[in-house]
Amino acid sequence: MLKNEKGFTMIEMMIVLLVISVLLFVTIPNVTSQSNKINSKGCEAFMNMVEGQVEAYKMDNNNTATVSMAALVTDGYLSDEYQKCPDGSVLTIDAEGKVVKGVAGN
């Protein structure tokens with residue numbers, strides 16, 4: 001009279017949900033911390049690229065021109081969108097021609 005019905009019991013479903021929840025709680029903080037590291041490394045690489053453009057600008061102008069972000073944009077070495085790091089920090093060029101990172105959000 002009783003049919004042998006196959007399927008998951010409520011306890012089995014609860015155990016599966018518990019395991020999935022634990023895995024999510026472990027992985028989500030790791031993903032957010034990796035995002036910050038990615039932005040930091042991306043900014044370092046971006047600064048190196050801008051320094052390369054500064055050196056190219058100096059070579060093209062016989063190493064006598066003063067270098068600024070505005071001059072790089074005006075002469076086509078950088079575009080307007082490439083004046084900030086991925087984390088929002090503004091890049092500037094100091095008196096020695098080195099690229100430095102400013103305060104985020106400016």
Checklist outcome for this item: Looking across region 76-106 at residues that are touching a Lys or Arg at 6+ places or on another chain (Cβ under 8 Å) and of a type outside the set (S, T, N, Q), the single one that is modelled with the lowest pLDDT is 97
Checklist entry - If residue 67 passes every condition in (1) surrounded by 11 or more Cβ atoms within 10 Å (Cβ to Cβ); (2) of a type outside the set (Lys, Arg); (3) modelled with pLDDT of 85 or more but one, which one does it miss? => result (3)
Checklist outcome for this item: If we ask which residues in region 21-38 are within 16 Å of the chain's Cα centre (by Cα) and not charged (D, E, K, R), their number turns out to be 8
Checklist entry - Got at least one residue in region 34-43 being surrounded by 13 or more Cβ atoms within 10 Å (Cβ to Cβ) and hydrophobic (A, V, I, L, M, F, W, C)? => result yes
Next on the checklist: Can you confirm whether residue 35 is closer than 15 Å to residue 85 by Cα and in contact (Cβ under 8 Å) with a residue 12 or more places away in the chain?
Outcome noted: no
Item to check | Scope region 74-91; condition surrounded by 15 or more Cβ atoms within 10 Å (Cβ to Cβ) and closer than 25 Å to residue 35 by Cα; matching residues | outcome: 82, 83, 84, 85, 87, 89, 90, 91
Checklist entry - If residue 73 passes every condition in (1) more than 18 Å from the chain's Cα centre (by Cα); (2) at pLDDT below 80 but one, which one does it miss? => result (2)
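The values are calculated or read from the model by the stated rules, or taken from the named source; none is laboratory data. Note that the coordinates shown come from a computational prediction; the quantities given were computed from them, not determined experimentally. Note: ideal-geometry Cβ built from the backbone for every residue, glycine included; neighbour counts use all protein chains shown.
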